[in-house]
Amino acid sequence: MTELPALPPVSAAGLAWAQRLVRINTVSHHSNLPLIECIADHLRTLGVPVRLTRDDSGTKANLFATLGTGKPGGIILSGHTDTVPWDGQDWSTDPLGGVVQDGRLYSRGSADMKGFIGLVVARTQAFLDADLPHALHYAFSFDEEVGCFGVRHLIADLKDAGLAPQLCIVGEPTSMVPAVAHKGVYRWRCCIKGRAAHSSLTPMAVNAIEAGARLVTHIADMADGWREHEPRYAGFDVPYSTAAVGVMQGGIADNVVPEDCRFHYEFRNLPGTDALAMQARVLERARALEPAMQAVDPATGFRFEDICAIPSFLAPPGDPAVALAQRLSGSDATTLVAFGTEAGLFQQAGIATVVCGPGSINQAHQADEHVSLEQLARCETFLQRLGTRAP
């Protein structure tokens, strides 16, 4: 691996924009419009046209902006604006304070991923002054943390507008090492309808929790099979597909056979594996359990609801987005990441994509989330180089 050179410190403007954004509360169940409007107002003052796509409630929006309208192709700089909550976490600083101490910027979203977005916005005038031969696009989305919902609207809007960027850099925290793959994240809610009765009369009832437990056991058996038999994918922390049940609820009293139960579960599937085929195995088992339930009460059974579907991501050999990120980072290294991103969705839209941004996922989603100023400086140099190179 090429040794990374010493770099100048992060600029005052870049750090100020990162602090400005982390001080805006954009936890996913809140509106992100104050942050979007803050960025949009700045871009409009620089003459940059802005496109907004909103959710059905109108309280959230994606921002898409093009520097160099009319120029061919171009590069997307992508980031999500929402954050996870901090309820119950023991912070030593204000989660919205944007405090800088000990060479780090502390705040919710500092690593994941407002530090990256702030540096991008801070460089807008420099990008415009560079008069690049290709377009440069900003894509800032809502609701990534709860299922990558916003970016789907954004990508559909690009298609409707006839825009066809060539490359995309998703600035999730990878310590500025280009990431070329991640697993998919697919989640479902299973709702079980049973039949209630006094617990002394169990043959006359259908126990929804017991039916759910049988299906949960099947999911656990599937996961055991992948751990034992699935071919390994070197480079991942867990080099095989996994399954997990995250929530299970049901029952009202010890002496009442539960009529209702629900549980949430997820698959994190390796690139090249089919999460929908995994889900088909769950559906098959559920249908096999239903006849015994419906012999007691035909109204009983299983129902499934989609929660989220984040496709896996794998950049092919020779991918131009990866090659660009390696040149800009000054290193020939690449990595794999355990977490899901919007990269697979951009890739499915026909855009060569790489994941590369400042900070580490090890600092995200926890108390005292932070990104080092050294990482911000590396990202800023990465962006400076982008302003002088063609894709």
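So the values come out like this:
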quantity	calculated
Single condition K183 does not satisfy, out of (1) open to solvent by less than 20 Å² (accessible area, probe 1.4 Å); (2) of a type in the set (K, R); (3) modelled with pLDDT under 95	(3)
Every residue from the stretch 162-202 that is in contact with a strand residue (DSSP E or B) (Cβ under 9 Å, 6 or more places away or on another chain), over 27 Å from M113 (Cα atoms) and of a type outside the set (V, I, T)	R189, C190, C191, K193, G194, R195, A196, A197, H198, S199, L201
All positions within the stretch 1-16 that are at pLDDT 65 or above, over 8 Å from A122 (Cβ atoms) and surrounded by 14 or more Cβ atoms within 10 Å (Cβ to Cβ)	L7, V10, L15
Residue in the stretch 82-105 that is most open to solvent (accessible area, probe 1.4 Å), counting only those that are polar (S, T, N, Q) and part of a loop (DSSP other than H, G, I, E, B)	S92
Strands (runs of 3 or more DSSP E) completely within the stretch 107-198 that count 1 or more residues being in contact with a Lys or Arg (Cβ under 7 Å, 6 or more places away or on another chain)	185-193
Residues satisfying the stated conditions in the stretch 240-261, i.e. farther than 17 Å from R189 by Cα and either surrounded by fewer than 14 Cβ atoms within 10 Å (Cβ to Cβ) or of a type in the set (K, R) (or both)	I252, A253, D254, N255, V256
Unique match (being of a type outside the set (S, T, Y), surrounded by 17 or more Cβ atoms within 10 Å (Cβ to Cβ), more than 22 Å from A40 (Cα to Cα) and touching a strand residue (DSSP E or B) at 6+ places or on another chain (Cβ under 7 Å)) among G79, G147	G147
Matching helices (runs of 4 or more DSSP H) fully within the stretch 316-391 where at least 1 residues are among the charged types (D, E, K, R) and either farther than 20 Å from A122 by Cα or open to solvent by less than 60 Å² (accessible area, probe 1.4 Å) (or both)	320-329, 373-386
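The values are calculated or read from the model by the stated rules, or taken from the named source; none is laboratory data. Computed from a predicted structure; not experimentally measured. Virtual Cβ from ideal backbone geometry, glycine too; neighbours counted across all protein chains shown. All accessible areas refer to the heavy atoms of the entire protein, side chains included, with ligands and DNA or RNA removed. Shrake-Rupley method; radii C 1.70, N 1.55, O 1.52, S 1.80 Å.
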